[in-house]
Each structure stands twice: as C-alpha cells, then as structure tokens.
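Right, one structure below, let's go through it.
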Amino acid sequence: MQKDPNVSKFKTKFVHFLKLIFPSTGIELIVFLFFLVVYGYLGSYIAIHHKIIFDGRIPWDAYFSFDNKSIVMTGGSFERHPLSYYFFNWIRELALLFSDGKMDGNFRFALAWLSNLAVSMSILQVFKYLKNIIGLPLIFSIPLILFFGGFSTTVLLSFTPENFTYTLFLLTLFHHYAAIKLKREQKIPALALAFSGITIGGLTVTNIVKVFIPVAFEKGLFKSWKKFANAAFRVIFTCICFILLYLNRIDFKYENIFSKTNEQYEKFSNVNATPTWDMILSYFFGGNVLFSNFIIRDKHNMNGYRYKGIIMDVYNSWIPYVFITALLALIIWSYVKNFRNKAAQVLMISFVVDILIHCLMRFGLHTAFIYGGHFAFVYPLLLGWLFYSYRQSPKTLSFLTAAFCILFAYLMINNYLRMTEFFWFLKTFY
C-alpha cells in the first residue's frame with residue numbers, strides 16, 4: 001500500500017517540531033534535567049513551606065512587583081496581556097486538578113512546577129541555540145547556560161506563575177526556530193508566524209513586534225517584489241489574526257484599548273524617585289541579571305488586608321555597576337563584531353525594542369527588574385556569538401574567558417547571598 005505523501009510530510013514536520021522543543025540528544029537531556037531538578041527543589045520548598053507563590057489575599061507585589069494571584073486568576077490586564085486570560089485559565093485548571101480543586105499547598109506546588117518546566121525549557125532552547133546555531137563547543141556553551149541559569153530573572157521565574165515566565169519560553173523557542181530558518185535561508189511559514197504572533201503577542205502585546213524582525217532578514221527580501229509581497233502577506237495575515245482575537249477578547253469595544261493603555265502608561269511611566277540613569281542600570285540592565293539590595297515595604301490589597309512586600313533597590317556599591325558595565329561592553333562588542341550576522345542582528349534589534357519601551361519611553365522603568373523574561377536570554381546568546389567570532393584568536397579568546405569567569409563567579413556569589421536574604425523574608429513574613 002502506497003503511503004500518502006501529505007501524511008508522511010506532516011509526520012516529518014511533527015517529529016522536527018518535537019525535536020525543536022524537547023531534548024533530542026543526551027547532553028540536551030542532561031541540561032534539561034539538571035535545571036528541572038535544581039529549580040524544582042527550590043520551587044517545591046517555597047511552595048510547601050511558604051504561601052508567597054499564591055495567597056488569595058495578596059493580588060500583587062508580594063515580591064519584586066510580580067502579580068501572582070492576579071495573573072493566575074485573570075491573566076492580567078487585557079491592554080497589556082490581551083490573550084493571557086485564556087492561557088492562564090488552562091494553567092489554573094491544571095493546577096486545581098492536581099490539588100483536587102483547592103487553592104492550597106498542592107495548588108502552589110503545581111504552579112511552581114509549571115513555572116519550573118517553562119524556565120527549564122527556556123534554558124534548553126538557549127543551549128540548543130548555542131550548540132546548534134552558533135556551533136559553540138560544550139566548554140563554552142555549558143558555562144554560558146549556567147551563567148544564564150543563575151540570573152535573577154531565571155531564578156525568580158522558575159517558581160513564579162507570571163506572564164514573563166511563559167513569555168521567556170516562547171521567545172527563546174521562537175528565536176531558536178527563526179535562527180534555524182535564517183541559517184537554512186528559508187522563510188518562516190505564514191501559519192508558524194501567525195501562531196508565534198498570537199502566542200507571544202497574546203501574553204504581552206508589545207512582543208509581537210519581535211516576531212516580525214526575522215522576516216526582515218530573509219534572503220533576497222528587498223531584491224524581489226515577489227518575496228517582499230509574500231513577506232508582507234505573512235505579516236498582515238498575522239496582524240489580522242491577532243487583532244481579531246484581541247477584539248473578540250474585549251467584545252470589539254476597541255475604544256477601551258486606547259483609554260486603558262493611556263492610563264497604564266501614565267501610571268507606570270511617571271516615577272521620578274530615582275535618577276533615570278540609575279534605574280536604567282540598576283533595574284533594566286542589571287536587575288534582571290544581578291540581584292541588587294532589597295527593601296521591605298508595607299502593602300495592602302485595597303480591602304483592608306495588610307502584608308509585607310519585598311522589592312529591589314538600586315545598587316549601593318560600585319562593584320555591581322562595574323559588573324553591568326562590563327557585561328554590556330561585551331554585548332556591544334559582540335554586536336559590533338557580528339554586525340553582518342543576521343541571527344545576531346535579530347537578537348540585538350529584539351533587545352532594542354525593550355530598551356525603547358522601558359528606557360526611552362520609561363514604561364515601568366522603576367520596576368524593570370521584572371521584565372527580564374522579555375530579553376534576558378539575549379545576554380548569553382550574544383556572548384556565545386562573541387566567543388565564536390574569536391575562535392581563531394587564542395589571545396582574545398583567553399581574555400574573554402578570563403573576563404567571563406570573573407563575571408560568572410561574582411554573579412553566583414552575589415545572587416546566592418541575595419537569595420538567602422529572600423528566604424529570611426519568607427520565613428519572617430510568609
């Protein structure tokens with residue numbers, strides 16, 4: 001009996017899709033299981049012994065401005081997270097299934113493990129990119145993912161049920177997928193682009209712009225009207241699908257989008273308690289990588305219940321500023337060195353989107369340390385491109401390795417000590 005070629009083609013694509021998402025080699029499985037176990041232990045301990053992951057009385061800001069309860073129950077505000085309502089309905093119901101319908105320790109445990117799974121899969125995608133796209137040897141790719149795994153963003157999101165947690169996975173997956181297409185000089189299919197735009201933009205609306213960046217680097221796009229028209233069709237198709245789903249979410253009351261968006265922008269963009277340069281360095285570039293000092297504040301849920309919240313302050317020592325400056329210098333160095341590299345350009349332009357939103361437009365700059373899920377993965381990937389570009393220059397490679405080792409050691413020591421302070425906060429108040 002002759003096989004149906006369409007069935008065979010679908011089966012092949014499905015297998016490739018599974019290999020893209022999940023571990024496909026022994027070393028990838030080891031990397032995935034390592035982080036799953038480490039983060040799993042951390043999240044399990046917090047979920048079982050403390051209530052901070054989900055407390056029905058605390059809608060927001062219990063730790064580092066995350067909105068755990070609000071996000072789990074509603075998906076967040078529609079103007080910033082238009083389709084996350086549906087996604088978190090599934091997350092909540094899955095966690096409730098595990099906890100027999102009770103929002104107790106088992107419920108928190110399930111939420112923590114779902115977050116752990118998403119972050120561990122994100123780190124796996126970064127590792128796959130370093131290994132398969134850049135072609136970096138394990139001697140460099142393993143330290144880079146350990147470095148990324150120790151970031152304040154990845155540590156916190158590994159047990160936090162938030163939009164940023166799942167956005168981190170979707171963005172790392174998309175960048176890996178887009179890099180494969182660019183490497184093979186293939187275009188991203190219309191359905192794949194639409195699905196990426198709906199899922200990524202649905203969790204955080206501004207991120208949909210990042211889905212279109214790789215399209216601009218497709219081979220011969222600006223030399224052929226046919227290719228340009230095809231790319232335009234795919235972008236327009238994605239936008240139409242996204243807009244229709246967005247409008248359906250709010251019953252086509254589009255005027256609410258503008259009023260709510262303006263309200264949110266005014267609320268999160270006019271905080272001047274700290275100098276802008278310091279917020280940019282300490283919160284945006286630094287807070288997503290290196291924990292800063294912590295401040296404990298009194299909070300309330302607007303219904304009479306008072307609780308303690310912990311947030312990050314700006315750095316109070318010159319050493320973290322040197323750390324962040326050195327890391328940014330390496331990132332800029334990598335970008336300049338790999339300027340003609342399409343994949344590196346996609347990463348940097350994606351990063352610039354967040355810089356424009358949070359640093360130039362100042363949206364949420366005073367709490368920019370929570371947005372790392374949108375861009376923190378760019379650091380290890382651009383560092384990977386930097387190491388690769390000097391693979392034939394032993395002296396420069398030795399310098400880069402020494403600099404990285406110093407940054408790595410400081411990051412691990414600093415973040416470990418800060419996490420001990422965070423656990424003191426949990427034991428004292430939660």
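The values are calculated or read from the model by the stated rules, or taken from the named source; none is laboratory data. This is a predicted model, so every value here is computed, not measured. Note that each Cβ is placed from the backbone with ideal geometry, even for glycine, and that neighbours are counted across all protein chains shown.
All but one of (1) part of a helix (DSSP H, G or I); (2) closer than 20 Å to I208 by Cβ hold for F363, so report the exception by its number. Going through the list (1) part of a helix (DSSP H, G or I); (2) closer than 20 Å to I208 by Cβ, F363 breaks only (1).
Within segment 158-181, the residues that satisfy the criterion of being assigned to a helix (DSSP H, G or I) and either of a type in the set (D, E, K, R) or touching a Gly at 6+ places or on another chain (Cβ under 9 Å) (or both) are N163, F164, T165, Y166, T167, L168, F169, L171, K181. The residues of segment 65-82 that are surrounded by 20 or more Cβ atoms within 10 Å (Cβ to Cβ) and modelled with pLDDT of 90 or more, listed by number, are F66, D67, N68, K69, I71, V72, G75, H81, P82. When segment 356-377 is limited to residues that are within 20 Å of L170 (Cβ to Cβ) and β-branched (V, I, T), the one that is nearest to the chain's Cα centre (by Cα) turns out to be I370.
Please verify whether G26 is of a type outside the set (D, E) and either in contact with a His (Cβ under 9 Å, 6 or more places away or on another chain) or surrounded by fewer than 18 Cβ atoms within 10 Å (Cβ to Cβ) (or both), treating the condition exactly as stated. When the stated conditions are applied, G26 passes them. L94 passes every criterion in (1) part of a helix (DSSP H, G or I); (2) out of contact with any Lys or Arg (no Cβ under 8 Å at 6 or more places or on another chain); (3) in contact (Cβ under 8 Å) with a residue 24 or more places away in the chain apart from (3).
Report yes if some residue within segment 250-259 is within 30 Å of L327 (Cβ to Cβ), among the charged types (D, E, K, R) and either exposed (fewer than 12 other Cβ atoms within 10 Å of the Cβ) or at pLDDT 95 or above (or both); otherwise report no. Within segment 250-259, none of the residues are within 30 Å of L327 (Cβ to Cβ), among the charged types (D, E, K, R) and either exposed (fewer than 12 other Cβ atoms within 10 Å of the Cβ) or at pLDDT 95 or above (or both).
For I319, the requirement of being part of a helix (DSSP H, G or I), surrounded by 15 or more Cβ atoms within 10 Å (Cβ to Cβ) and modelled with pLDDT of 90 or more is not met.
Within the option set L146, L173, being within 13 Å of the chain's Cα centre (by Cα) and either modelled with pLDDT of 95 or more or not hydrophobic (A, V, I, L, M, F, W, C) (or both) holds for one residue only, L173.
Taking the conditions (1) at pLDDT below 95; (2) among the basic types (K, R); (3) buried (at least 19 other Cβ atoms within 10 Å of the Cβ) in turn, K226 satisfies each one other than (3). Considered as a group, the residues in segment 142-154 that are surrounded by fewer than 24 Cβ atoms within 10 Å (Cβ to Cβ) and in contact with a Gly (Cβ under 8 Å, 6 or more places away or on another chain) include one that is nearest to I324 (Cα to Cα), and that residue is F151.
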